[in-house]
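Inspection log for the structure reproduced underneath, given as structure tokens.
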Amino acid sequence: MKICMVGTGYVGLVSGACFADLGNTVWCVDKIQNKIDILNSNKIPIYEPGLDEIVKKNYKAGRLKFTTNLNFAVKNSDLIFICVGTPTSKNGSADLKYVIQAAKEISKNINNFKIIVNKSTVPVSTGDMVENIISKKVKKNMFAVISNPEFLREGEAIRDFRFPDRIVVGANNKRFLNKIKKLYQPLVNKGAVFFSTNRRGAELIKYAANAFLASKIAFMNEVGNLCEKTDVDIEDVALGMGLDKRIGARFLRVGPAYGGSCFPKDTKAITVTGDKFKTNLSIVKSVIKSNNLRKTILTKKAEKILSNKVKNKNIAFLGVTFKANTDDMRGSTSLIMIPSLAKKGAKINYYDPTGSKKEFSKLKNVKYCDTISKTCANTDLIIIHTEWDEFKSLNFTKLTKRKNFKVFDMRNLYSHVDENKKNYKYYSIGR
């Protein structure tokens, strides 16, 4: 098939490259010339394991193309995917300005029947809005608007595309589903469930799924707080809970607050949608409040580990992204912890495999180091913030020259039983 991906951000680039890898011809379109130039020079503007290889392979084969020419791409495609960002607006709702812009531009270039597929994460009824925008320029028998939300985890996006749990498609007219199902047939053949509903149903499934997963994270973090005060190991609790098939083990790990491109903005957006339809989503609102509080709780715990004597202490942060295998800083707990500790006089070194971060560039006493050893060389406290693989088998006594240093493992990567037998103090979460 011939496909146009409007937007070359995380969703558009990953999905476009993977669609091309299935044998389709894909035009990835973006209005930012510099981004297209970077992609046409075989460079990838985002960090995602495996993406570089797929992009280069399909670009070389001629199946994957990058352009700013939306006019050409739309006219020569059967399916047009809207994959633009929907950032959080001031009131917490999803800002749909890029979706609106995309719909208007698409409407100017429809020359025969097109299926417009909304892959951006959007509130209920956005498909109706897109349909109304396009119908102002084009007769309704010339297009159909379908919802096909993405479920790609940062750091696992290629695998999630190739081996999805389910493919959710929402269409108000079922006769338009066949073309979408044909597109995804190679994945269905490998076991993916193709689930269809109406357009609004698909839109809400995405938000509801993310809100529920965020709730599991926030819930377990609160249980972890209780475990620390009751001499219970959170890992035992998580294992015992996870064996219940109604609950499952995924997302029952304690640690920092959830972050990234989805959970923070989607939990906020679904509560705004609830208010719009006069429905108080009180549980999700509590999850948001709990998650924000989590960042403060972990900052205070780090201070307590230092006996509340933070000034002039050397602190090493291992990892600063919200999770491993991504360069995404959005919602990361480090964005609260590092400035807060630095403000109290701590001297902070940090290392992350994805490089230095502009968010910390102007902070006093905060420095990026390009190796783990440089980061920890003269530290009083090592904080494991992100669960990168290279942090999972460290010899802490060889990393720092200090004798009375401490380790705060915010990801429970190490056995607290083993670590507490060594000549430094080890702290973890919920145990």
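The values are calculated or read from the model by the stated rules, or taken from the named source; none is laboratory data. In this text, all values refer to a predicted model and were calculated from it rather than measured experimentally. Don't worry about glycine lacking a Cβ; one is built from the backbone with ideal geometry, like all the others, and counts go over all protein chains shown.
Checking the condition surrounded by fewer than 17 Cβ atoms within 10 Å (Cβ to Cβ), of a type in the set (Val, Ile, Thr) and either in the same structural domain as Phe408 (by TED's automatic domain parsing) or free of Cβ contacts under 8 Å to residues at least 12 places away in the same chain (or both), which residue from Thr279, Thr321 passes?
Among Thr279, Thr321, only Thr279 is surrounded by fewer than 17 Cβ atoms within 10 Å (Cβ to Cβ), of a type in the set (Val, Ile, Thr) and either in the same structural domain as Phe408 (by TED's automatic domain parsing) or free of Cβ contacts under 8 Å to residues at least 12 places away in the same chain (or both).
Mind checking which residues of the range 49-100 are under 28 Å from Lys285 (Cα atoms), out of contact with any strand residue (DSSP E or B) (no Cβ under 9 Å at 6 or more places or on another chain) and without any contact (Cβ under 8 Å) to a residue 40 or more places away in the chain?
Matches in the range 49-100: Ser89, Lys90, Leu96, Lys97, Ile100.
Please list, ordered by first then second residue, the pairs with beta carbon atoms under 6 Å, 6 or more apart or interchain, first in the range 20-40 and farther than 20 Å from Asn109 by Cα, second assigned to a helix (DSSP H, G or I).
What qualifies is Ala20/Asn58; Asp21/Ile54; Asp21/Asn58; Leu22/Pro186.
Name the residues in the range 136-150 that are part of a strand (DSSP E or B) and over 15 Å from Thr273 (Cβ atoms), would you?
Matches in the range 136-150: Phe143, Ala144, Val145, Ile146.
Within the range 102-135, track down each residue that is in contact with a Leu (Cβ under 7 Å, 6 or more places away or on another chain), closer than 23 Å to Ser89 by Cα and assigned to a loop (DSSP other than H, G, I, E, B).
Scanning the range 102-135 gives Val122, Val124.
Among the basic types (Lys, Arg) and at pLDDT below 95 - does that describe any residue in the range 167-175?
For the range 167-175, residues among the basic types (Lys, Arg) and at pLDDT below 95: present.
Looking at Asn34, Asn24, Asn76, Asn69, can you tell me which residue is over 20 Å from the mean Cα position of the chain (by Cα) and more than 29 Å from Lys181 (Cα to Cα)?
Only one candidate passes the filter, namely Asn34.
Identify all residues within the range 184-199 that are touching a strand residue (DSSP E or B) at 6+ places or on another chain (Cβ under 7 Å) and either assigned to a helix (DSSP H, G or I) or within 16 Å of Asp78 (Cα to Cα) (or both); write none if there are none.
Correct list: Tyr184, Leu187, Val188, Arg199.
Determine whether Phe176 is surrounded by 20 or more Cβ atoms within 10 Å (Cβ to Cβ), over 29 Å from Pro264 (Cα atoms) and among the aromatic types (Phe, Trp, Tyr).
No.
Does Asp244 fit the bill of being modelled with pLDDT of 95 or more and either assigned by TED's automatic domain parsing to the domain that holds Glu387 or over 25 Å from Phe408 (Cβ atoms) (or both)?
Yes; evaluated as a whole, the condition is true for this residue.
I'm trying to understand the selection: among the residues of the range 97-114, which are buried (at least 20 other Cβ atoms within 10 Å of the Cβ) and among the β-branched types (Val, Ile, Thr)?
Val99, Ile106
Within the set of pairs 6 or more residues apart or between chains, which connect a residue that is at positive phi inside the range 232-259 to a residue that is buried (at least 16 other Cβ atoms within 10 Å of the Cβ) with Cβ atoms less than 7 Å apart?
Phe251/Leu213; Phe251/Lys216; Phe251/Ile217; Gly255/Met410; Gly255/Arg411; Gly255/Ile429
Does the range 374-384 contain at least one residue that is exposed (fewer than 12 other Cβ atoms within 10 Å of the Cβ) and assigned by TED's automatic domain parsing to the domain that holds Gly319?
No: zero hits.
Touching a Ser or Thr at 6+ places or on another chain (Cβ under 8 Å) and either farther than 30 Å from Gly127 by Cα or not aromatic (Phe, Trp, Tyr) (or both): which single residue out of Ala202, Ala238, Ala208 fits that description?
Being touching a Ser or Thr at 6+ places or on another chain (Cβ under 8 Å) and either farther than 30 Å from Gly127 by Cα or not aromatic (Phe, Trp, Tyr) (or both) holds for just one of Ala202, Ala238, Ala208, which is Ala202.
Name the residue that is surrounded by the most Cβ atoms within 10 Å (Cβ to Cβ), counting only residues in the range 160-173 that are in a helix (DSSP H, G or I) and in contact (Cβ under 8 Å) with a residue 40 or more places away in the chain.
Only one residue tops the list, namely Phe161.
Given the options Asn91, Asn118, name the one that is of a type outside the set (D, E, K, R), surrounded by fewer than 24 Cβ atoms within 10 Å (Cβ to Cβ) and at negative phi.
Asn91
Inspect the range 293-303 for any residue being surrounded by fewer than 22 Cβ atoms within 10 Å (Cβ to Cβ), of a type in the set (Asp, Glu) and closer than 17 Å to Ser334 by Cβ and give the result as yes or no.
yes
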